[in-house]
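See structure below.
Derivation of every value follows stated rules applied to the coordinates shown; laboratory data play no part. The structure displayed is predicted, hence computed values, not measured ones. All Cβ positions, glycine included, derive from the backbone under ideal geometry; neighbour counts span all protein chains shown.
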Amino acid sequence: MNFSVENLACRRGDVTVLTGVTFSVAEGEALVLRAPNGAGKTTLLRCLAGLTPPVSGALHFSPEDVAYAAHADGLKAQLSVEENLQFWADIFGTRDIAPAVDAFELSSLLSRRAQDLSAGQKRRLSLSRMVLTGRAIWALDEPTVSLDVENVARFSSAVTRHLAQGGSAVLATHIDLGLPTARTLDLSPFRAISQDAPSDDPFLDGAFQ
Amino acid sequence: MIALLQRDLKLAIRAGGGFGLGLAFFLILVVLVPFGVGPNSDILSRIAPGILWVGALLSCLLSLDRIFQLDYEDGTLDLLATAPLPLEAAATLKALSHWLVTGLPLTLAAPLLGVLLNMPSEATLWLVASLALGTPALSMLGTFGAALTVGLKRGGLLISLLVLPLYMPTLIFGAEAVRRGTEGLPTGTALAFLAAITAGCAALLPFASAAALRMNLR
């Protein structure tokens with residue numbers, strides 16, 4: 001799915017982190033966001049997913065088309081792998097969890113509780129949720145954290161398959177995934193200048209943390 | 001939609017879920033009251049409906065901060081907010097599952113616990129009726145409080161401060177219905193007010209909760 005953003009400014013809390021972000025992604029293309037820590041990769045992805053409304057600028061797509069995967073895995077420790085997947089499949093109305101299980105080879109783990117999984121297995125389970133959403137735009141925040149080489153390959157083939165089916169993806173990552181249709185966007189030029197400025201009200205600073 | 005309700009009920013029943021916690025608190029409160037006020041059965045039977053209503057309120061309060069906090073901490077709430085399910089529906093289902101886990105067991109157990117407080121038998125019917133009409137409002141107001149404080153560390157105390165004043169009308173009309181019922185006076189007005197509070201909460205609070213959640217997820 002083609003989509004674009006124009007002159008976007010995003011904020012995190014009270015701080016405007018990014019300004020003037022403009023890019024477009026074609027059908028079947030992946031956009032890899034590269035930037036140092038704190039440059040606003042997560043902020044941009046949350047904005048694309050519709051969690052944070054943009055300060056200004058325009059999103060030329062509906063957040064309804066975005067499937068978002070955050071840093072946190074979003075798993076319920078007391079539920080089994082199958083129950084976790086089935087829950088999201090029901091929420092997104094796709095019902096069938098088989099494609100997700102196949103894509104990340106979870107079949108041997110299905111009856112295991114999520115609390116008994118390793119960090120990498122949790123990550124795989126969390127990423128397999130993307131397959132279940134049936135949405136065209138994948139917004140992935142550091143998807144390969146705690147994955148081994150084999151599972152990184154599994155993940156990039158899942159993304160490649162999604163792109164081949166006419167989807168598109170935005171990924172924030174520090175490693176090279178070897179995606180055939182990836183384009184890199186450096187976020188550093190879009191940093192808002194004021195971001196390191198102290199907050200106006202020193203008494204409010206950190207009061208609600 | 002039913003998937004969220006099923007999941008919440010499943011989580012409540014599994015280890016560490018908190019099902020029965022409210023009920024156990026209710027039971028302990030009712031056992032402790034006679035020690036506190038002494039064994040005089042006249043006094044006990046007079047204060048029994050009020051004690052049971054206050055107990056219902058407090059035990060409901062006990063589990064409020066879990067409604068959204070756990071989902072917020074493990075990232076599920078972010079994912080739910082981007083899912084096709086509207087947050088208004090999610091808030092309604094959360095309130096419903098909270099009621100099924102706390103309010104409903106309390107309503108069903110209240111007649112038995114009334115016996116421990118020497119509650120007059122004619123009050124039982126009115127106690128069950130008033131709890132059945134009033135406790136859904138407690139869960140819905142609590143969900144709103146939980147939505148307002150989601151993301152705050154140790155928000156539990158703040159929820160109590162926010163929500164207890166909002167519980168007051170429910171408590172007043174609930175306890176009044178039982179008192180009037182016990183004395184053989186008409187209870188229609190009190191029960192109608194109780195039902196009206198619940199209906200008003202059901203109509204308005206899902207929107208307020210969803211708006212509060214959206215603010216807090218930013």
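Suppose each label sits 7 Å from its Cα in the direction of the beta carbon; what would the residue B:112-residue B:183 distance come out to in nanometres?
Using points 7 Å along Cα→Cβ, the separation is 3.2 nm.
Give me the compactness ratio for region B:120-218, meaning the Cα radius of gyration over 2.2 N^0.38 Å.
Details: Rg = 15.8 Å, N = 99, 2.2 N^0.38 = 12.6 Å.
So region B:120-218 has a normalised radius of gyration of 1.25.
Could you calculate, for the protein assembly as shown, the ratio of the Cα radius of gyration to the Kirkwood radius, expressed as Rg to Rh?
1.07
What distance in nm separates the two pseudo spin-label positions at residue B:121 and residue A:1, each 7 Å out from Cα along the beta-carbon direction?
Distance between the two pseudo-spin positions: 6.5 nm.
Pairing the Cα long axis of helix B:21-37 with the longest principal axis of chain B, what angle in degrees results, from 0 to 90 and rounded to the nearest 10?
Here the helix axis deviates by roughly 30 degrees.
In a Debye calculation with equal point scatterers on the alpha-carbon sites of region B:122-179 and no solvent, what is log10 I(q)/I(0) at q = 0.14, 0.17, 0.27, 0.28 Å⁻¹?
Treating every Cα as an identical point scatterer, log10 I(q)/I(0) equals -0.44, -0.59, -0.99, -1.04.
Assuming R0 = 45 Å, what is the FRET efficiency of residue A:56 and residue B:32, from their Cβ-Cβ distance, to the nearest 0.05? Could the numbers behind the result be given before it?
Working: r = 58 Å, r/R0 = 1.30.
Calculated value: 0.15.
Going 7 Å from the Cα of residue A:82 along its beta-carbon direction, which residues of region A:96-136 have the amide nitrogen within less than 12 Å of the resulting point?
Under cut-off, by backbone N: A:97-98, A:107-113.
Quick one: order B:94, B:10 by neighbouring beta-carbon count within 10 Å, fewest to most. Please report the intermediate quantities before stating the final value.
Working: B:94 27, B:10 16.
Taking fewest neighbouring Cβ atoms as first place, the list is B:10, B:94.
Given labels modelled 7 Å from the Cα in the Cβ direction, how far is it in nm from residue B:42 to residue A:183?
8.8
Where the only charges are on Cβ atoms (+1 Lys, Arg; -1 Asp, Glu), what is the dipole of region A:1-95 about its Cα centre, to the nearest 20 debye?
The dipole magnitude comes to about 400 debye.
Determine the calculated [θ] at 222 nm for chain A from helices alone, applying -39500 (n - 2.57) to every DSSP H run no shorter than 4 residues and normalising by the residue count; nearest 500 deg cm²/dmol. Spell out each step's value before the answer.
Working: 5 runs with 56 residues, N = 209.
After summing the helix terms and dividing by residue count, I get -8000 deg cm²/dmol.
Let me test this: with uniform point scatterers at the alpha carbons of region A:3-196, what is the Debye-based log₁₀ I(q)/I(0) at q = 0.13 1/Å?
Log10 I(q)/I(0), no solvent term: -0.68.
Over chain A, what is the mean sequence separation of C-alpha contacts under 8 Å (at least six apart), divided by residue count, expressed as relative contact order in percent? Each step should come with its number before you reach the end.
Working: 382 pairs, mean separation 63.7, N = 209.
The value is 30 percent.
Dimensions of chain B along principal axes (Cα, Å, largest first)?
Principal extents (largest minus smallest coordinate, Cα): 56, 35, 29 Å.
How far is helix A:81-91 tilted off the main Cα axis of chain A, in degrees rounded to 10, range 0 to 90?
It works out to around 60 degrees.
Treating only the Cβ atoms of Lys and Arg (+1) and Asp and Glu (-1) as charged, compute the dipole magnitude of chain B about its Cα centre; round to the nearest 20 debye. Show your work: numbers first, answer last.
Numbers: 12 positive and 11 negative charges, 51 e Å.
So the magnitude is around 240 debye.
Note the angle between two axes, namely the Cα long axis of helix A:119-133 and the longest principal axis of the Cα atoms of chain A, as a number of degrees from 0 to 90, rounded to the nearest 10.
90
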